[in-house]
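Step one of this worksheet: look at the structure below.
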Amino acid sequence: MALAAARRVPASVLLLAGPGLGRTAAGGGVGARSFANHRVLVESAAASGVAVMKFKNPPVNSLSLELLTELVISLEKLENDKSFRGLILTSDRPGIFSAGLDLREMYGRNPAHYAEYWRAVQELWLRLYLSNMVVISAINGASPAGGCLMALCSDYRVLADNPKYNIGLNETLLGIVAPFWFKDTLVNTIGHRTAEQALQLGLLFPPADALQVGMVDQVVPEDQVQSKALSVMAQWLAIPEHARQLTKNMMRKATADLLIKQREADIQNFVSFISKDSIQKSLHIYLEKLKQKKG
């Protein structure tokens with residue numbers, strides 16, 4: 001899309017775009033490549049033209065700056081490889097899709113780091129939300145906050161039927177306010193009133209409830225998540241590609257444009273907000289609780 005070309009790529013993406021990426025799987029030819037970096041594994045699915053991107057950032061696939069950077073690089077590689085038309089997002093660690101934004105990136109750092117981190121979050125959202133590929137999330141674990149956001153960027157979401165696998169934007173529970181583009185993505189998916197309640201209360205939906213409100217499209221047994229995602233992908237890829245891409249862009253362009261036009265202001269708002277003493281204190285308390293749980 002023309003929009004993607006106009007975006008400024010984070011400096012961290014340019015710095016890490018070289019060594020260690022783009023390794024080709026043995027025996028793989030054009031259109032059958034796999035590649036990996038430290039935190040992302042991309043494999044060619046059995047279905048022609050479909051890539052499977054697995055998050056592998058232990059212990060909970062938190063969206064650290066490094067993971068965000070590697071995800072953006074991997075997405076760019078796939079978008080530039082015209083043999084790939086579909087992408088399945090999933091976790092290399094069953095039980096946790098992604099715990100969301102890495103709070104350690106937002107605590108005790110300097111404003112320049114906060115700005116770099118938030119630009120990387122924006123970039124991942126824009127690339128996923130506007131991707132020309134069919135993007136399906138095979139959600140094989142809990143998916144709060146930023147994990148939920150990635151799933152919401154998909155064209156279709158399949159969630160494993162496990163009561164522990166909650167999904168939602170729970171930022172308010174941490175004393176954080178979800179930015180307007182998180183909100184817009186949720187509203188576009190489940191409607192204004194349901195999104196308003198969910199955001200204010202920081203709700204995390206178990207599978208049955210997530211299906212009922214439309215946050216996911218199917219709930220299936222855990223061992224069928226991947227196969228169901230592939231079967232749904234076949235249905236989407238059967239649609240003439242040009243018509244589907246134009247329709248997707250028509251549906252999503254206005255939402256994406258709001259962030260693109262206000263990107264720098266959004267970064268500054270985030271830096272100002274996250275730097276507040278009260279917010280830093282809340283993050284400190286939450287991170288300490290996490291340490292105690294691990295202990």
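Can Ala198 be described as in contact with a Gly (Cβ under 7 Å, 6 or more places away or on another chain) and within 30 Å of His284 (Cα to Cα)?
It is true that Ala198 is in contact with a Gly (Cβ under 7 Å, 6 or more places away or on another chain) and within 30 Å of His284 (Cα to Cα).
With respect to Met251, is the statement that it is open to solvent by 80 Å² or more (accessible area, probe 1.4 Å), of a type outside the set (D, E, K, R) and under 21 Å from the mean Cα position of the chain (by Cα) true?
Answer is yes for this residue.
Could you list, in sequence order, the residues of the stretch 202-219 that are more than 10 Å from Tyr165 (Cα to Cα), open to solvent by less than 10 Å² (accessible area, probe 1.4 Å) and not small (Gly, Ala, Ser)?
Within the stretch 202-219, Met215, Val216 qualify.
Within the bounds of the stretch 275-291, is there any residue that is touching a residue at least 60 places away in the same chain (Cβ under 8 Å) and under 21 Å from the mean Cα position of the chain (by Cα)?
no
Filter the stretch 54-70 down to residues that are surrounded by fewer than 19 Cβ atoms within 10 Å (Cβ to Cβ) and not charged (D, E, K, R), then give me how many there are.
3
Note down all Cβ pairs under 6 Å where the first residue falls in the stretch 89-115 and is closer than 30 Å to Ala229 by Cα and aromatic (Phe, Trp, Tyr), the second is open to solvent by less than 10 Å² (accessible area, probe 1.4 Å) and not in a loop (DSSP other than H, G, I, E, B), and they're at least six residues apart or on different chains.
That search, which allows pairs on different chains as well, returns Phe97/Ser91; Phe97/Ile139; Phe97/Gly141; Phe97/Ser143; Phe97/Gly147.
Which one of these is of a type in the set (Asp, Glu), out of contact with any Pro (no Cβ under 8 Å at 6 or more places or on another chain) and surrounded by fewer than 22 Cβ atoms within 10 Å (Cβ to Cβ): Glu116, Glu76?
Selected residue: Glu76, the only one of Glu116, Glu76 that is of a type in the set (Asp, Glu), out of contact with any Pro (no Cβ under 8 Å at 6 or more places or on another chain) and surrounded by fewer than 22 Cβ atoms within 10 Å (Cβ to Cβ).
The values are calculated or read from the model by the stated rules, or taken from the named source; none is laboratory data. None of the values given here were measured: they were computed from a predicted structure. Heads up, the Cβs are rebuilt from the backbone with ideal geometry, glycines too, and the neighbour counts pull from every protein chain shown. Quick note on the areas: whole protein, heavy atoms, side chains included, nothing else; ligands and nucleic acids left out. Shrake-Rupley method; radii C 1.70, N 1.55, O 1.52, S 1.80 Å.
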